[in-house]
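Any read-out appearing in this document is the output of simple, stated calculations on the displayed coordinates, not a laboratory observation. Computed from a predicted model, the values in this text were never measured in an experiment. Cβ coordinates were reconstructed from backbone atoms using ideal geometry, including for glycine residues, and neighbour counts include every protein chain displayed.
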Amino acid sequence: MSGAIPGTVPAALDKAKFQDPHRTLDGAPRALVTLNNIETLWFNTGTLCNLTCTNCYIDSSPSNDRLAYLGAGEVSAMLDELRTDWQAHEIGFTGGEPFLNPDILAMLEDALARGYRVLVLTNAMRPMMKLADGLLALRDKYGARLCLRVSMDHYAPNVHELERGAHSWQRMLTGLTWLAAHGFTINVAGRTLSGEEEASLRQGYARLFAAQGIPLDAANPGELVLFPEMDEALDVPEITTACWDILNVSPDAMMCATSRMVVKHKGDEQLTVMPCTLLPYDERFKMGSTLAAAKDAVVLNHPHCARFCVLGGGSCSAG
């Protein structure tokens with residue numbers, strides 16, 4: 001690790017960090033991650049969202065269309081390539097809010113019909129509920145292979161709404177309890193924004209799940225995923241090749257060792273493959289328009305690589 005000062009409050013990020021793709025600021029060799037296999041292929045269905053959250057890493061909102069809506073045909077073509085060249089088992093859909101995309105049900109059906117497990121990241125609010133009949137049909141046909149991950153930033157309504165806005169709690173809870181009552185495979189994505197210890201957070205979610213009849217085990221990291229906070233303006237150590245041994249972390253455990261994300265930048269005719277869900281805009285991480293072009297190793301040259309993946313142990317897939 002380069003630049004870590006244990007026990008200090010993070011300062012503003014030194015703008016000279018995360019610039020050289022090969023060396024950290026102090027000249028150490030920068031860590032990189034080799035792609036072993038695309039086990040999870042993500043599609044960002046578009047950055048438009050029904051919410052404007054306080055700290056959205058992708059800046060989704062009702063007006064942010066920097067990532068355009070993907071069409072069902074575009075997703076199908078990429079799934080054709082995936083089936084030919086890779087041994088994937090999971091397809092993920094994220095946004096924005098995926099259920100705003102007019103082709104979302106067709107895209108889910110396509111991926112499910114090919115035999116993949118499908119994970120959808122959603123706020124479970126009105127855009128999802130408007131498609132309740134279509135979701136029920138997919139559940140009836142494909143069962144547990146369709147999983148919906150609902151964003152619940154904290155177990156306390158007031159803390160959740162500090163991030164998501166007024167009236168967001170009840171609308172989210174209505175959607176989540178509907179999914180639970182109708183037998184969907186679900187999990188919940190929480191955040192560590194409150195600063196509580198993980199055990200305390202999980203206990204708080206457990207009380208809520210019990211009270212609401214939500215059949216999730218809050219102690220299970222696969223059923224309640226707690227994501228570290230991300231703010232690329234705050235200081236974080238750069239990750240060097242020596243960090244793997246220092247931290248006892250394997251590069252094979254990083255998201256970009258087993259995942260890629262497909263996006264469509266506004267104004268582009270072609271799709272673009274990015275290394276992961278966290279870096280949709282950074283020009284340095286564009287990997288080409290096909291999965292075949294996205295085989296190169298990924299240099300960990302962004303604050304999110306350090307804070308979320310290496311130090312935070314985060315991963316967006318279902319595992």
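Once Lys and Arg get +1 and Asp and Glu get -1 on their Cβ, which of LEU35, LEU135, GLY115 lies farthest toward the positive end of the dipole of the chain?
Of LEU35, LEU135, GLY115, it is LEU135.
In nm, to one decimal, how far is the ALA253 label point from the GLN170 one, both placed 7 Å along Cα→Cβ?
Taking the two extended label points, one gets 4.3 nm.
Just one of (i) 144; (ii) 236; (iii) 129 is volume of the Cα convex hull per residue in Å³ as worked out from the coordinates here. Which one is it?
Answer by label: (iii).
Given +1 on the Cβ of Lys and Arg, -1 on the Cβ of Asp and Glu, and no further charges, what dipole in debye does the range 222-305 carry about its Cα centre, rounded to the nearest 20?
With only Lys, Arg, Asp and Glu charged at Cβ, the dipole is about 440 debye.
If you average the alpha carbon positions of the range 135-161 and of the range 9-74, how far apart do those two centres end up, in angstrom?
Cα centroid to Cα centroid, the span is 23 Å.
Calculate, for ASP59 and LEU13, the FRET efficiency according to 1/(1 + (r/R0)^6) with r their C-beta to C-beta distance and R0 25 Å; round to the nearest 0.05.
0.90
For the range 166-186 and the range 189-248, what is the separation of their Cα centres, given in Å?
If we compute the Cα centre of each part, the gap is 21 Å.
Would you mind computing Rg(Cα) / (2.2 N^0.38 Å) for the range 192-293, counting N as its residues?
Normalised Rg, Cα atoms only: 1.44.
Please give the contour-minus-distance gain from GLU283 to LEU25: 0.36 nm per residue of separation, less the Cα-Cα distance, rounded to one decimal in nm.
Going from the current span to full extension adds 90.8 nm.
Could you list MET287, MET172, MET254 in order of exposure, starting from the residue whose Cβ has the fewest other Cβ atoms within 10 Å?
MET287, MET172, MET254
Round to the nearest 0.05 the FRET efficiency obtained for ALA137 and HIS89 when R0 = 25 Å and r is the Cβ-Cβ distance.
0.60
So how strong a dipole does the chain carry about its Cα centre when Lys and Arg Cβ are +1 and Asp and Glu Cβ are -1, to the nearest 20 debye?
With Lys and Arg at +1 and Asp and Glu at -1, about 480 debye.
Need one number: convex hull volume per residue for the range 113-202, Cα atoms only, in Å³.
Residue-normalised Cα hull volume stands at 102 Å³.
Show that you can apply the helix-only estimate: for the chain, add -39,500 (n - 2.57) for every DSSP H stretch of four or more residues, divide by all residues, and state [θ] at 222 nm to the nearest 500.
-7500 deg cm²/dmol
To make sure I understand, if each residue's beta carbon is the centre and we count other beta carbons within 10 Å, what order do THR272, THR192 fall in, fewest to most?
THR192, THR272
Counting only complete DSSP H runs, which helices of the chain cover 18 Å or more along their long axis at the Cα atoms and score a mean Kyte-Doolittle of -1.0 or above?
72-85, 168-181, 198-212
For the range 157-218, compute the orientation-averaged projected area of the C-alpha convex hull (one quarter of its surface), in nm².
If you wrap the Cα atoms of the range 157-218 in a convex hull and average its projections, you get 4.1 nm².
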